[in-house]
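Colleague: Below you'll find the structure I mean.
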Amino acid sequence: MSLIQPAYAGLTALDQRARDIFRRIVESYLETGEPVGSRTLSLSGVSLSPASIRNTMQDLTLAGLLRSPHASAGRIPTHAGLRLFVDGLLEIGDLGTEERREIDARLAGRGRHFDEALDAASALLSGLAGGAGVVVTPVQQAGVKHVEFVALGHDQALAVLVADDGTVENRLMPLTAGVTPATLTEASNFLNARLKGRPLAEARTEMAAELATARRELDAAAARLVEDGVAAWSGGADRERSLIVRGRANLLADAEAVEDLERVRSLFEDLEQKEQLIGLLDGVEGGQGVRIFIGAETRLFSLSGSAVIAAPYMTGRQRVLGAIGVIGPARLNYARVIPLVDYTARVLGRMLDGQET
């Protein structure tokens, strides 16, 4: 099974000659970062005249797969061209034994807290892949242990939620007229019967439908209290999800020209857009396998022209917890980074299940 989730189908519009020249141009660009001209292709073994090569390059340019970065005759792939290459021509390598051992040793050490492992994973990917490593921490999924409404006066109550992981949420709530100690007990019992052992985020969706029935079962004041209590508790949603970014300095390594420095500056600004970046990585969680976003395929990176290679990490029961990946210039080493991200995500998932790698 492929590690990649393709964005769209691929190369049927290109004949064999165009496909070969296109592949050589992209591979050379990914290796050197330099535009590729017809002379370079002739020297690389293409059995065509320079004129034929130039004609094919022009056709690929008109098709939107190549572009000329300046007045020279050399070409580099567009973002659409990189997408076509990644989906249809890229040969993904495999991790060596030593790389696997390094990842295992640095992430799955005994006694390491999971938050520490996430930080180490971000730094590890940054070092191995040469971009910025990013990790989104998991959504809190602890089940509800106990709920209770406690009167603080005639017009105010404290709504208390205790989770299985020991965390406690307290919310002050106004009380309407007619709320008695018996009303508070009735509302508490009703919620405990339905929430205990379940993550509130999961139960809240079903509770919305149950509240219609609850209004027939409960005193009107108790039903209002139940509704207000469920709305007040976050169930972990207000426990801010963290975005761990490591290795920003790597993004400056190849930035020599003014336009490169401008791109990196724009990328740094993108990395500060925490909510949007978390939203992008949350989209990775919808499927299995590595996802790749290049340039304008995401609004977040449309200006910096950067690429994201990310994968979800999940438990053995296939419950997705978060996402991990690498962000860098579109000229990432996709063949190397894809298996790095994939393997690192699987190691994190096994850690959550308490398994050794």
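The values are calculated or read from the model by the stated rules, or taken from the named source; none is laboratory data. Here the structure is a predicted model, which is why all the values come from computation and not from measurement. Don't worry about glycine lacking a Cβ; one is built from the backbone with ideal geometry, like all the others, and counts go over all protein chains shown. Heavy atoms of the whole protein, side chains included, go into the accessibility calculation; ligands, DNA and RNA do not. Shrake-Rupley method; radii C 1.70, N 1.55, O 1.52, S 1.80 Å.
Colleague: What's the number of the condition N333 fails, among (1) in contact (Cβ under 8 Å) with a residue 60 or more places away in the chain; (2) open to solvent by 10 Å² or more (accessible area, probe 1.4 Å); (3) in contact with a strand residue (DSSP E or B) (Cβ under 7 Å, 6 or more places away or on another chain); (4) closer than 25 Å to L95 by Cα?
Modeller: Single failed check for N333: (3).
Colleague: Return the total of residues in the stretch 207-229 being over 17 Å from A182 (Cβ atoms) and at pLDDT 75 or above.
Modeller: So the answer is 2.
Residue-wise test of (1) modelled with pLDDT of 90 or more; (2) among the hydrophobic types (A, V, I, L, M, F, W, C); (3) assigned to a loop (DSSP other than H, G, I, E, B); (4) touching a helix residue (DSSP H, G or I) at 6+ places or on another chain (Cβ under 8 Å).
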site	(1), (2), (3), (4)
M1	no, yes, yes, no
Y8	no, no, yes, yes
T12	no, no, yes, no
D20	yes, no, no, no
R23	yes, no, no, yes
S28	yes, no, no, yes
N55	yes, no, no, no
Q58	yes, no, no, no
T61	yes, no, no, no
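Colleague: If G328 passes every condition in (1) modelled with pLDDT of 90 or more; (2) not in a helix (DSSP H, G or I); (3) not hydroxyl-bearing (S, T, Y) but one, which one does it miss?
Modeller: The one condition G328 does not meet is (1).
Colleague: Considering only residues of the stretch 261-276 that are of a type outside the set (D, E, K, R) and in contact (Cβ under 8 Å) with a residue 40 or more places away in the chain, which is surrounded by the most Cβ atoms within 10 Å (Cβ to Cβ)?
Modeller: L267
Colleague: Also, I was wondering about something else. Which ones in the stretch 284-304 are open to solvent by less than 10 Å² (accessible area, probe 1.4 Å) and modelled with pLDDT under 90?
Modeller: V284, G295, F301, S304
Colleague: Being touching a Lys or Arg at 6+ places or on another chain (Cβ under 7 Å), touching a residue at least 24 places away in the same chain (Cβ under 8 Å), of a type outside the set (K, R) and open to solvent by 30 Å² or more (accessible area, probe 1.4 Å): is that true of L30 here?
Modeller: yes
Colleague: Go through the stretch 35-63 and count every residue that is farther than 12 Å from P77 by Cβ and either hydrophobic (A, V, I, L, M, F, W, C) or open to solvent by 70 Å² or more (accessible area, probe 1.4 Å) (or both).
Modeller: Total satisfying the criteria: 14.
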